[in-house]
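Structure, as structure tokens:
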Amino acid sequence: MLKHTFKTSDGIEIAYYIDDFTDPWKPAEPLLMLHSAMGSARRFFSMVPGLARRFHVIRADTRGHGASQVPPDTLHLNKERLTEDALELLHHLEIDRAHVIGNSAGGFVAQQLAIHHPQRVRSLVLFSSTPGFKGEQGKGWIKEAAKRGMRPFFAETISDRFPVGEVEQGMIEWFLDEICKNDLNHIARFVGYWSDTDFMGEVHRIKCPTLIVAPGDEPIGHASAYEEMKKRIAGSELIYYEKARHNVCDYLPDRCVSDVMKFHDRHFPAR
């Protein structure tokens, strides 16, 4: 996985990765993938093979995550800045318009792109992602992780994210290894910000083709928000993964890719 970097307008180095296994004689449309809180572009590894046969795939590490620089506390951390990071990456790559996939908190930014910069988003796919994360749940995570340690706390609550006993233990251990690479102070800022944010009142401004994928047994955030999103986003599609936990992109990658492909076939049929 070859890492590329660029610097944002406020001086933060952002890491990104490009995968393209499309037929070289055919034009490939760009697809931007935005990962979850405490995640990284690496967490999309199992979705890349299928997607990169059809799209020019760009995966970015959100500021303060993965191989991207942790910003100092003196810099703003809000939805506007995170959206600007994505826009500046597209500008850096000379991409005018992209399909966008957002997973969990990555979907918050993806929605903001589609709301405030509709000319840059051709389509939107959201996995386990509502309009923000307002409430006490995320703040509780940070408090407990700081008190008990990230790995012990997230190991104890792993059933919120995976159906324990149905997925390989190795996947769970790898997930825990990955989230423990994060800077806890930055994650506290990041999760804390989104825990005070709700932009349901803006989602009606999303006009591009939109697919919402909701875990059917969602313990994280507000599960009722998915139906409200569908009502407010004109023409949007909502799929429930029955009995699924939050981290569908991690443990149901083939199903996720299949639904992305079917969605694109419906809205962008091959010519």
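Condition check ((1) of a type in the set (Val, Ile, Thr); (2) closer than 18 Å to residue 181 by Cα; (3) in a loop (DSSP other than H, G, I, E, B); (4) touching a strand residue (DSSP E or B) at 6+ places or on another chain (Cβ under 9 Å)) across all residues:
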| position | (1), (2), (3), (4) |
| --- | --- |
| 9 | no, no, yes, no |
| 26 | no, no, yes, no |
| 31 | no, no, no, yes |
| 43 | no, yes, no, yes |
| 66 | no, yes, yes, yes |
| 81 | no, no, no, no |
| 101 | yes, no, no, yes |
Among 100, 57, which is surrounded by 24 or more Cβ atoms within 10 Å (Cβ to Cβ) and more than 26 Å from residue 230 (Cα to Cα)? 57
Across segment 114-168, what is the total count of residues that are without any contact (Cβ under 8 Å) to a residue 12 or more places away in the chain, assigned to a helix (DSSP H, G or I) and either surrounded by 16 or more Cβ atoms within 10 Å (Cβ to Cβ) or on the phi > 0 side of the Ramachandran plot (or both)? 1
Residues of segment 1-36 satisfying the condition of being surrounded by fewer than 22 Cβ atoms within 10 Å (Cβ to Cβ), within 22 Å of residue 87 (Cβ to Cβ), in contact with a helix residue (DSSP H, G or I) (Cβ under 8 Å, 6 or more places away or on another chain) and of a type in the set (A, V, I, L, M): 12, 15
Please specify each residue of segment 45-64 satisfying the condition of being of a type in the set (D, E, K, R), more than 23 Å from residue 138 (Cα to Cα) and assigned to a loop (DSSP other than H, G, I, E, B). 53, 54
Tell me which residues, restricted to segment 216-251, are within 15 Å of residue 106 (Cβ to Cβ), out of contact with any Cys (no Cβ under 7 Å at 6 or more places or on another chain) and either not acidic (Asp, Glu) or not in a helix (DSSP H, G or I) (or both). 220, 221, 246, 247
How about segment 186-205: which of its residues are assigned to a loop (DSSP other than H, G, I, E, B) and surrounded by fewer than 16 Cβ atoms within 10 Å (Cβ to Cβ)? 196, 197
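Computed from the coordinates by the stated procedures, all read-outs in this text should not be read as laboratory data. All values reported here derive from a predicted model rather than from experimental measurement. No Cβ is skipped: glycine too gets one built from the backbone with ideal geometry, and neighbour counts run over all protein chains shown.
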